[in-house]
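For reference, the structure discussed in these notes is given below.
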Amino acid sequence: AGDISHLASIVILLHKIYTSHSCRGISFKTQALYVLVFLTRYLDLFWHWVSLYNTAMKVFFIASSVYVLYLMKYKYRPTHDPSIDTFKVEYLLGPCLILGLIFNYEFKFTEILWSFSIWLEAVAILPQLFMLQRTGEAEAITTHYLAALGAYRALYIPNWIWRYFGDNVVDPIAVVAGLVQTGLYLDFFYVYFTKVLQGQKFELPA
Amino acid sequence: ADKNLVKDEL
């Protein structure tokens, strides 16, 4: 369900860009961070085979995130306003690299990159949420995208509990980062459920 | 725990 929600979020995002011929309201910085997240995490495509499903999803997430970046940077460039997308990503990249160096399952390059990608994914939404707060409102379709994207990691939580009891497996790095990631959406979800799903416009209180 | 088992997640 988490994976499908993630997949759905990307489909919604592409649908929003295509139908409105615009990437207004979407943070380029957040989208660029996702490209970095997927490239650093899915390096194991080249040596760690899990399943056709797993490989297909990894390829899709890399390809679609690069494609969204292309759409924003070239095809719909005039519709993107960098002056409201001002979050400093350096504040995210530095700490995530440090977290990757401290918390990893083996002190080697690929494992550090994997851990870095987990932490970075947890906070990659911040430039987008920052932008949302600055503008104070959003198109409904953009909020559906964010809701699906936020639900995705939240849906992993019951899966982790299940695997803890069922398979006796726990991945502390993914769990802690996943809880942080989900936590960052709580404010957004509150407004989404109380406004957008009641048929009102997404508007933040002044 | 076998961490490869966990890394079958996305």
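Each reported figure results from applying straightforward, stated rules to the coordinates on display, with no laboratory input. Keep in mind the model is a prediction, meaning the values are calculated, not measured. All Cβ positions, even for glycine, are placed from backbone atoms using ideal geometry, and neighbour counts span all protein chains on display.
Please identify the trypsin sites (Lys or Arg not before Pro) of region A:66-173 that satisfy two criteria: DSSP loop assignment and at most 14 other Cβ atoms within 10 Å. Which are they?
On the way: sites: A:Lys73, A:Lys75, A:Lys88, A:Lys108, A:Arg134, A:Arg153, A:Arg163; in loops: A:Lys88, A:Lys108.
Answer by residue number: A:Lys88, A:Lys108.
Any idea what the dipole of region A:128-206 comes to, in debye rounded to 20, about its Cα centre with Lys/Arg Cβ at +1 and Asp/Glu Cβ at -1?
On the way: 5 positive and 6 negative charges, 9 e Å.
With Lys and Arg at +1 and Asp and Glu at -1, about 40 debye.
Would you mind working out the magnitude of the charge dipole of the protein assembly as shown relative to its Cα centre, with +1 at each Lys and Arg C-beta and -1 at each Asp and Glu C-beta, to the nearest 20 Debye? Could the numbers behind the result be given before it?
Numbers: 17 positive and 17 negative charges, 118 e Å.
Dipole about the Cα centre, nearest 20: 560 debye.
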Taking the Cα centre of region A:1-100 as origin, work out the dipole magnitude from +1 charges on Lys and Arg Cβ and -1 charges on Asp and Glu Cβ, in debye rounded to 20. 260
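Label region A:35-116 by shape, choosing from rounded, prolate and oblate, from the square roots a ≥ b ≥ c of the eigenvalues of the Cα gyration tensor; if a/c is under 1.5 it is rounded, and otherwise prolate applies when a/b is larger than b/c, oblate when it is not. Please report the intermediate quantities before stating the final value.
Numbers: a/c = 4.11, a/b = 1.30, b/c = 3.17.
Oblate is the answer for region A:35-116, as a/c is 1.5 or above yet b/c matches or exceeds a/b.
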Total lysine pairs whose alpha carbons fall under 25 Å of each other in the protein assembly as shown (8 or more apart, or interchain): 20
Cα gyration tensor category, rounded, prolate or oblate, for the protein assembly as shown with a/c compared to 1.5: prolate
Which of A:Ala206, A:Gly183, A:His80, positive extreme of dipole for chain A (C-beta unit charges): A:His80
Least to most buried among A:Tyr152, A:Tyr67, by other C-beta atoms within 10 Å and fewest first, runs A:Tyr67, A:Tyr152
Between region A:110-141 and region A:9-32, what's the alpha-carbon centroid distance in Å? 14
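Which chymotrypsin sites (Phe, Trp or Tyr not before Pro) in region A:78-127 sit in a loop by DSSP (not H, G, I, E or B) and have at most 13 other Cβ atoms within 10 Å of their own Cβ?
Values: sites: A:Phe87, A:Tyr91, A:Phe103, A:Tyr105, A:Phe107, A:Phe109, A:Trp114, A:Phe116, A:Trp119; in loops: A:Phe87, A:Phe103, A:Tyr105, A:Phe107.
Filter output for region A:78-127: A:Phe107.
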For region A:1-81, what ratio Rg/Rh do Cα atoms give with a Kirkwood hydrodynamic radius? 1.01
Taking N as its residue count, the alpha carbon Rg of region A:120-206 over 2.2 N^0.38 Å: 1.24
